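A quick write-up on the structure given underneath.
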Amino acid sequence: MRYRTWIAPATAIALIATGSPAQAHRLDEYLQATTINLARDRITLHLRLTPGVDVADRVIRDIDRDGNGRLSPQERQAYAMRMAQGLSVSLNNRPVTLQPGASSFPDTDAMRAGTGMIVLQFGISTRLANGPYRLTYLNNAPGPETVRLTNCLLPQDTSIHVLAQKRSEDQSFYQLDFLVGPGDSAPHGTDRTEAASSVTTPLTDRPRQVSRK
């Protein structure tokens, strides 16, 4: 498997803070775009899932299990949990559990038109002491003709510095190196990392490979 490493100069990181939507995707792809937001007390993952016109019905059928044409709250929650089962995160080689957060689903007409975006949020409760960190993210979430994109947002906490990002060619693997140092918002008295055991930006480096499931 080939990997791309991107060292994060200040100018490039500044672009990550703009919050622009993902670039247009092809009609026959299911775009899964993940952005990661770092804070000392919480790491948040935002997934924006946009099925193209040609695969929208397959995604809808995977959510609408009773086939009545409506996406019930229970079906939406179940789909979010299935997606979460395909995700894994570790911090300094220590697995952490994703905590489900807010989610939103478009109506089925918007999805069939290729304009509907599913948004899922997951969090990791942390307490980051000063020092270097490596976050590893694996996205093997299901979906037809899946294309993945992953990036990190510019941290609002000025004591957190993104150093480098590394991705596999299809971006199912993502590695983020960052440093926590002294800063105005740094908490006092912390001497270790404690990760809870229970769980935009122009996106670049568009992958060439598509996961076909």
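We did not get these values from a lab; they are worked out from the coordinates using the rules stated. Please read these numbers as outputs of a predicted model, since none were measured by experiment. Quick reminder, even Gly has a Cβ in these numbers, built from the backbone with ideal geometry, and neighbours come from all protein chains shown.
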- What is the gain in length, in nm to one decimal, between Arg127 and Asp66 on full extension, counting 0.36 nm per residue of separation less the C-alpha to C-alpha distance? 17.8 nm
- Can you figure out the FRET efficiency of Leu179 with Leu138, using R₀ = 22 Å and their beta-carbon distance, to the nearest 0.05? 0.45
- Task: Could you calculate the contour length gain from Asn93 to Ala78, that is, 0.36 nm times the residue separation minus the distance between their Cα atoms, to one decimal place in nm?
- Result: 2.5 nm
- In the calculated pair distance distribution of the stretch 3-180, what percentage of Cα-Cα distances lie above 28 Å? 25
- Message: Positive end of the dipole of the stretch 3-180, charges at C-beta (+1 Lys, Arg; -1 Asp, Glu), about the Cα centre: which of Met81, Cys152, Ala56 has its Cα farthest in that direction?
- Response: Cys152
- Residue separation between Leu163 and Asp54 times 0.36 nm, minus their alpha-carbon distance, gives in nm 35.4 nm
